[in-house]
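Have a look at the structure below before the remarks.
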Amino acid sequence: MQRRRFVSLACQTAIVGAWPAWALQASAQEGTTPGLTDQAIHIASSVPLTGTLVGFGQAVQKGAGAAFAEINAQGGIYGRQIRLHLVDDGYDPERSVANIKNILQERKALALLSCVGTPNNTAITPLIEAAGIPHVAPITGAASLRKAQQSVFHVRAGYSEEVISLVQRLVGMGLKGIAVVYLDNGYGRELQGVAAAELQRLEATPAAELALEVKGDNANAVLQALKQARPSAVLLLTAGTSSLGMIQGIKQQLPGVLMAGLSSTIQGLKLDDAASGMAVTTIVPDPNRGKNGVVRSYQAAMKALGEQEFSQGSLEAYINAHVLAYGLRLAGKEPTPARVRAALSSIRNFDLGGFVVSYGATPPFIGSRFIELGIIGRNGRFVG
């Protein structure tokens with residue numbers, strides 16, 4: 001069997017390795033609940049710990065790890081510690097499928113948390129639905145994945161709403177000739193369609209619509225096409241390290257052109273002055289301003305693990321982990337995948353401290369509609 005990289009997040013430490021043998025033996029026994037032992041509840045996630053979206057995987061590791069460490073320090077869930085196992089997929093959908101098949105076949109986890117990527121979640125969702133394993137807060141806002149799934153519980157607001165908010169703001173500012181740069185995969189193409197439809201509705205003609213390869217290999221060609229189009233603004237429907245290359249290139253080669261992007265455009269990136277003035281949407285509160293309870297709790301949990309840098313991505317993961325933990329509590333002392341699904345679907349107005357998650361009785365299960373618009377400052381932070 002192909003070796004895979006696992007990152008286990010315990011109460012106070014991050015450990016590289018596989019599930020402990022005693023946990024696998026216990027969960028593999030016929031008639032027992034997958035991922036459940038007397039000592040622990042095992043949760044899994046397929047995330048990019050390498051590749052262009054490595055920042056997304058790191059955000060899940062840090063934010064969810066901080067949340068579970070906080071919960072475990074308080075006694076866990078009915079005395080059981082939560083163990084989060086991250087499996088690297090490099091943002092490759094085929095690797096995501098292999099990871100989830102392995103988790104399901106070997107009964108390694110009671111639930112999944114925040115698997116990353118639109119194409120990846122598109123590939124694994126049929127497996128998840130067939131198995132009936134709960135998947136809380138996939139890291140994607142794609143409308144194509146917000147259908148009648150019984151086992152998928154979204155937390156974040158959708159990409160379509162983010163795109164529409166940005167297009168409306170740009171057109172409302174009187175900007176003419178808005179160019180759209182989108183990632184050349186399922187994520188980007190879906191969002192390009194949303195942007196094109198909204199521009200058409202507002203009777204605005206895009207200056208250019210350009211596909212950026214996932215690894216950014218054609219970035220120079222895209223920048224040259226943008227220079228020829230001479231847009232007044234560029235809407236970046238991109239993600240990962242290729243976003244940073246585009247942001248830096250536009251700042252250097254098209255000075256004065258306004259840039260705008262989604263929460264996912266900048267997630268996981270160490271932004272520099274090139275991003276200053278960029279308009280962005282956010283789907284969680286500002287992680288650097290403790291105006292509400294959830295941010296203050298998040299910052300304290302991160303600091304307890306020695307993390308001093310805060311980001312939207314790790315705050316999102318922190319929130320997602322607490323939503324799953326709340327569902328586990330509601331499921332009772334002997335949770336099963338079915339009981340966890342039922343418990344999650346019963347969540348109404350769960351207030352984490354200024355961020356509320358509420359599901360309806362029937363799918364699609366979407367917990368939050370929180371979206372804010374703001375600007376990136378010179379320090380790379382969201383400044384509102």
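The values are calculated or read from the model by the stated rules, or taken from the named source; none is laboratory data. This is a predicted model, so every value here is computed, not measured. Cβ: placed from backbone, ideal geometry, glycine included. Neighbour counts: every protein chain shown.
Those helices (runs of 4 or more DSSP H) of segment 286-351 in which at least 2 residues are charged (D, E, K, R) and out of contact with any Lys or Arg (no Cβ under 7 Å at 6 or more places or on another chain), considering only elements entirely within it, cover 293-304, 337-345.
Look at (1) touching a Gly at 6+ places or on another chain (Cβ under 9 Å); (2) surrounded by 17 or more Cβ atoms within 10 Å (Cβ to Cβ) and you find that Thr205 fails only one, number (2). Every condition in (1) of a type outside the set (Ser, Thr, Tyr); (2) within 21 Å of Phe56 (Cβ to Cβ); (3) assigned to a helix (DSSP H, G or I) holds for Asn220 except the one numbered (2). Here the condition is being free of Cβ contacts under 8 Å to residues at least 40 places away in the same chain and outside any helix (DSSP H, G or I); of Gly256, Gly277, it holds for Gly256 alone. Going by the conditions given, is Lys62 of a type in the set (Lys, Arg), at pLDDT 95 or above, assigned to a helix (DSSP H, G or I) and closer than 19 Å to Ser264 by Cα? Against the criterion (of a type in the set (Lys, Arg), at pLDDT 95 or above, assigned to a helix (DSSP H, G or I) and closer than 19 Å to Ser264 by Cα), Lys62 qualifies.
Give the residue, chosen from Ile375, Ile347, that is in contact with a Phe, Trp or Tyr (Cβ under 9 Å, 6 or more places away or on another chain) and farther than 23 Å from His42 by Cα. Matching residue, one of Ile375, Ile347: Ile375. Being crowded, with 23+ Cβ neighbours inside 10 Å and part of a loop (DSSP other than H, G, I, E, B) is not true of Tyr187. Might you let me know whether segment 329-339 holds any residue that is hydrophobic (A, V, I, L, M, F, W, C), touching a residue at least 40 places away in the same chain (Cβ under 8 Å) and crowded, with 17+ Cβ neighbours inside 10 Å? No: segment 329-339 contains no residue that is hydrophobic (A, V, I, L, M, F, W, C), touching a residue at least 40 places away in the same chain (Cβ under 8 Å) and crowded, with 17+ Cβ neighbours inside 10 Å.
With respect to (1) in the same structural domain as Ile82 (by TED's automatic domain parsing); (2) on the phi < 0 side of the Ramachandran plot, the lone exception for Arg381 is condition (1). Residues that are under 15 Å from the mean Cα position of the chain (by Cα) and at positive phi were ranked within segment 41-98; the one that is surrounded by the fewest Cβ atoms within 10 Å (Cβ to Cβ) is Gly90. Suppose we keep only residues that are assigned to a loop (DSSP other than H, G, I, E, B) and of a type in the set (S, T, N, Q) within segment 121-162. Which one would you say is nearest to the chain's Cα centre (by Cα)? Only one residue tops the list, namely Thr140. The set of residues from segment 364-378 being under 20 Å from the mean Cα position of the chain (by Cα) and part of a loop (DSSP other than H, G, I, E, B) comprises Pro364, Gly367, Ser368, Arg369, Phe370, Ile371.
Hey, can you tell me all the residues within segment 146-169 that are crowded, with 22+ Cβ neighbours inside 10 Å and over 16 Å from Gly261 (Cβ atoms)? Listed by number, the residues that qualify are Ser151, Val152, Phe153, His154, Val155.
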